[in-house]
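A short reminder: the numbers here are calculations on the coordinates, not readings from a lab. Bear in mind that the values here come from a model prediction, so they are computed numbers and not experimental data. Cβ placement follows ideal geometry from the backbone for every residue including glycine, while neighbour counts extend to all protein chains displayed.
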Amino acid sequence: MISSEKENNRRRILLELLIETQRLLVRFRDDPEVTLVALAVRLGWLQKKPLDVSALAASIEMPRSTVIRHLKNLEVRNRITTTRLGNRTIPKSTGVDERPVTAFLLAFGASVASTSSQLSKMDT
């Protein structure tokens, strides 16, 4: 399939966003899976729907056993705490990593805004 120049530019812009996102995630200097788990824990609380381990695993499409291992890693490093509610374990961010997460979200937001602007210009 031959793509138009406009479609190639759209793909280039999206790939640049993907590469920038990966570059920003690398700044955490952590295993990408651990970072994903930590960000998903934070998202659940921001949505006012804290996720238990099973829901967390499903939301990021990761095996439950892997999520448990990463949560233990985060807990040992004081980045999360866990609470038992019956047979459910609910992780919560301790805020220890608040500054790097906020910096990441600000930089990522700027990248998304720039990408959105570039794509909008293509449609006008």
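Structure values in brief
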read-out: Kirkwood estimate for the chain, i.e. one over the average of 1/r between Cα atoms, Å; value: 16.3 Å
read-out: Computed magnitude of the charge dipole of the chain (debye, nearest 20; Cβ of K, R +1, Cβ of D, E -1); value: 380 debye
read-out: Cleavage-rule hits, trypsin sites (Lys or Arg not before Pro), region 6-64, DSSP coil, Cβ neighbours within 10 Å at most 10; value: Arg29, Lys48
read-out: For Val37, Val101, order by how many other beta-carbon atoms lie within 10 Å, fewest first; value: Val101, Val37
read-out: Gained length - Thr82 relative to Ala58, 0.36 nm times residue gap less alpha-carbon distance; value: 6.8 nm
